[in-house]
Amino acid sequence: MKSILSVVLFFLALSACQSNQSSKPMSQTESSIHEVVIKEVIQVSGYTYLFVQEKRMERWLATPPIQAKEGETYYYEGGFEMVNFKSKELDRTFESIIFLEGISTSPTLADGSETLVSPGATTIKEGKKEIQITPAEGCITISELFSNKESYEGKMVKIKAEVTKFSPEIMETNWIHLQDGTDFEGDFDLTVTSPEIVAVGNVVIFEGKITLDKDLGFGYFFPVLMENASLVK
């Protein structure tokens, strides 16, 4: 399953969108591998903002958290451009910023067979973690949700799970990945949108409405999504 910010998610990153803000995927001509040199690094919760130079061009990038330093060289491909992007955390508007799934210290995408990933970061689809969650009363498991997703469409459900990724303020909400150790045919990671703030590693109970086949455009499609979820105290 994909999440945003990270390029959006991205992948996928990211502070709340404003009404005058627009977005677009990078075009095919722009999606070749870019070699950039870091000129400035800004760390915020959930993201790293990088001001980079590519030949004679300068631009801002947003990636999953990495420990980048000024003067270092990185490579990336594609991305999701946000225009007039307002970062609440920095109280700053970026005229243009490109959100990436990841960035690499080597051009590993030359053959198109791999995904560039930030050192220490994860791709949009989270890898399965060794997690064992004791079921809570009134909750269903992630495997049960995916195995019977049609029956849960449009309904409110509760899930107890561990937070494996937290991406704040993307499209005016927070994007959260949950895992509880269960799996149905390779689906083990649930994406949740919520105004709640949680930390990676927290075991939480979320209650939210299940939406199926959510298409946000630009290739971001969610077969199962829990929307506008709240923490169960």
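Determine which member of the set ALA68, ALA62, ALA13 is outside any strand (DSSP E or B) and at pLDDT 50 or above.
Result of the check over ALA68, ALA62, ALA13: ALA68.
Which of the residues belonging to segment 47-59 are modelled with pLDDT under 95 and either of a type in the set (A, V, I, L, M) or not in a strand (DSSP E or B) (or both)?
LYS55, ARG56, MET57
Scan segment 21-46 for residues that are among the β-branched types (Val, Ile, Thr) and either surrounded by 14 or more Cβ atoms within 10 Å (Cβ to Cβ) or at pLDDT 95 or above (or both) and jot them down.
Within segment 21-46, ILE33, VAL36, VAL37, ILE38, VAL41, ILE42, VAL44 meet the criteria.
If you check THR93, THR115, THR108, which single one turns out to be in contact with a Lys or Arg (Cβ under 6 Å, 6 or more places away or on another chain), outside the structural domain of VAL224 (by TED's automatic domain parsing) and at pLDDT below 95?
THR93
Does ILE159 count as farther than 30 Å from LYS86 by Cα, of a type in the set (A, V, I, L, M, F, W, C) and surrounded by fewer than 20 Cβ atoms within 10 Å (Cβ to Cβ)?
So ILE159 does not fit the description; no.
Within segment 162-209, how many residues turn out to be surrounded by fewer than 22 Cβ atoms within 10 Å (Cβ to Cβ), part of a strand (DSSP E or B) and aliphatic (A, V, I, L, M)?
4
Tally the residues that are under 15 Å from the mean Cα position of the chain (by Cα) and closer than 20 Å to THR141 by Cα, restricting the search to segment 192-225.
The number of residues fulfilling the criteria is 7.
The values are calculated or read from the model by the stated rules, or taken from the named source; none is laboratory data. This structure is a prediction, so every number in the text was calculated from the model and none was measured. A quick note on method: Cβ atoms are made from the backbone with ideal geometry, for glycine too, and the neighbour counts reach across all protein chains shown.
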